[in-house]
Amino acid sequence: MKKLFFILLLAVGQQINAQEVTVARWLGNARAAVSYTFDDGLMDQYTLAFPELQKRGIHATFHIIGSKVGGDHKGTPCMTWEQIRQLHQSGHEISSHGYRHIGLNKP
C-alpha cells in the first residue's frame, strides 16, 4: 500500500511539473510591495493614520484586540466598533490580534 501511494505521489508530481505556470511576484508584476499594518486597534490609528491613508489611496491591515474595542489598551484609547466598520467599508483589512492580547506562552 505504501509503495502504491508513493508511485501515485510521484506520478502526480510529474504531472504538476509538466505544466507551465507563471506567477507574478506582486500585483501587476510590480517590482516590489509594501504592507502597512497597525497593531492593537488604537484610536490614534483611526484619527491620524486613517485620514492619511485615505488621502493617498493606500489600504492597510488593522489588527484589533477584541476585548479592548471601545475601551483602552494600557491607558491608550482604542477604536469603537463603528470606527472599525468604517475602516472596513473604506477597503481596509481588519484582523484579530487576539481577544485579550495575552502571550500564548503564558498559562
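Considering segment 84-103 alone, what residues qualify as being out of contact with any Leu (no Cβ under 9 Å at 6 or more places or on another chain) and part of a loop (DSSP other than H, G, I, E, B)?
91, 97, 99, 100, 101, 102, 103 - these are the residues of segment 84-103 that are out of contact with any Leu (no Cβ under 9 Å at 6 or more places or on another chain) and part of a loop (DSSP other than H, G, I, E, B).
Can you find even one residue in segment 53-69 that is in a loop (DSSP other than H, G, I, E, B), out of contact with any Lys or Arg (no Cβ under 8 Å at 6 or more places or on another chain) and closer than 12 Å to residue 40 by Cα?
Step one: list which residues in segment 53-69 are in a loop (DSSP other than H, G, I, E, B), which gives 57-60, 65, 69.
After this cut, where a residue has to be out of contact with any Lys or Arg (no Cβ under 8 Å at 6 or more places or on another chain) as well, the list is 57-60, 69.
Those still in the list that are closer than 12 Å to residue 40 by Cα too: 69.
Within segment 53-69 (the criterion being in a loop (DSSP other than H, G, I, E, B), out of contact with any Lys or Arg (no Cβ under 8 Å at 6 or more places or on another chain) and closer than 12 Å to residue 40 by Cα), the answer is yes, since at least one residue qualifies.
What about residue 12, is it outside any loop (DSSP other than H, G, I, E, B) and either of a type in the set (S, T, N, Q) or at pLDDT below 95 (or both)? Explain how you work it out, then say what you get.
Numbers: outside any loop (DSSP other than H, G, I, E, B): yes; either of a type in the set (S, T, N, Q) or at pLDDT below 95 (or both): yes.
In short, yes.
Just name the residue that is surrounded by the most Cβ atoms within 10 Å (Cβ to Cβ) out of those in segment 49-101 that are more than 19 Å from the chain's Cα centre (by Cα) and of a type in the set (Val, Ile, Thr).
80
Being touching a strand residue (DSSP E or B) at 6+ places or on another chain (Cβ under 7 Å), within 25 Å of residue 34 (Cβ to Cβ) and without any contact (Cβ under 8 Å) to a residue 24 or more places away in the chain: is that true of residue 92 here? Show your work before the answer.
Working: touching a strand residue (DSSP E or B) at 6+ places or on another chain (Cβ under 7 Å): yes; within 25 Å of residue 34 (Cβ to Cβ): yes; without any contact (Cβ under 8 Å) to a residue 24 or more places away in the chain: no.
Answer is no for this residue.
The values are calculated or read from the model by the stated rules, or taken from the named source; none is laboratory data. Keep in mind the model is a prediction, meaning the values are calculated, not measured. Using ideal geometry, Cβ is built from the backbone for each residue, glycine included, and neighbour counts are taken over all protein chains shown.
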